[in-house]
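These notes concern the structure reproduced below.
Throughout, read-outs are computed from the coordinates displayed, never taken from laboratory work. Predicted model only: the values in this text are computed from it and were never measured. FYI the Cβ positions are ideal-geometry reconstructions off the backbone, even for glycines, and counts take in every protein chain you see.
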Amino acid sequence: MKKILLRAAAICALLLAPAIAEAAEGFATANVNMRSGPSTRYPAVSMIPAGESVEIHGCLADLPWCDVSFYGGRGWVAGRYVQADYRRNRVYVEPQYYRPLGIPTVVFQFDRYWDRNYRGRDFYRDRDRWRRGPDWVDDNRRPRDWERRDWERDRARQEREWTRDQAREQRERDRDRQNWERNRSDGERWDEQAGGGNRRDWERQRDRDGTRVREDFEDGYGGGARPAPLIRCQAMDPSCAE
C-alpha cells in the first residue's frame with residue numbers, strides 16, 4: 001500500500017513540476033511597455049511601472065524576450081528590463097539563467113497567442129497584417145515614412161524662407177531708419193541755416209524801420225549815420241516850434 005501511495009505521489013510530483021516551472025517571479029527595472037509580440041514594433045498592451053513584479057511564463061531561446069503576465073494582462077517584455085532573484089541577488093533574465101530560475105524556453109505562436117489574449121483589443125482587427133511579422137508591417141508603412149520626410153523637408157524649407165524674409169525686412173527697416181535719421185539731420189542743419197538768414201533779414205528790416213542806427217551800405221547815405229525821422233507838428237499845438 002505504501003508503495004502505491006509513494007508511486008502516486010511521485011506521479012503527482014512529476015505532473016505538477018512543469019506547472020510549477022511554467023512561471024517565475026520577476027521585477028521590471030524601468031517603466032517598460034508590455035508588447036503583443038517579441039518586438040518593439042508590435043502594439044503595446046500596457047505599461048509596467050518600474051519595480052512592479054511580473055510573472056514570467058517563458059522566454060525565447062534565440063531572442064532575449066519573455067512572455068509575462070501583469071495584473072491579468074499578458075504580453076512580451078525584453079529580458080534586459082526584467083530581473084529575477086538568483087542566489088540572493090537580482091540578475092537580468094538572460095539565457096544562462098533560464099534553467100537555474102526555472103524559466104522554460106517557449107515559441108511565439110502568433111495565432112494561438114493573439115486569439116487567447118487579444119480578441120478584445122483594437123489592434124486585433126489588423127491581425128492579418130501583423131501575422132506576417134512586424135518587419136513586414138514596417139515595410140508596408142514606408143510610404144508614410146517617405147511622406148513624413150517630405151513634410152519635414154517642406155517645413156524646413158518654409159522655415160528657411162521665413163527666416164530669409166525676416167532678415168530682408170529687418171534690413172529694409174534699418175535702411176529706412178538710417179534714411180530718416182539722415183533726413184532729420186539735414187533738416188536740422190537747413191533749419192539752422194534758414195533761421196540764421198531770417199534773423200539777419202529781421203535785424204536788417206528793424207534797422208530800416210529806424211529802431212536803431214547802424215551802418216548800412218545799401219540805404220544811399222554813403223555809409224553815414226541815418227538821420228532821425230522828421231517829426232511834423234500838429235496845427236494849433238503851442239508846444240511845437242515851427
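Given a Förster distance of 35 Å, report the FRET efficiency between residue 80 and residue 156 from their Cβ-Cβ distance, rounded to the nearest 0.05. FRET efficiency, residue 80 to residue 156: 0.50. With the simple spin-label model, which puts each label point 7 Å out from Cα in the Cβ direction, the residue 124 to residue 177 separation comes to 6.7 nm. Using R0 = 51 Å, the C-beta based FRET efficiency linking residue 41 and residue 89 works out to 0.95.
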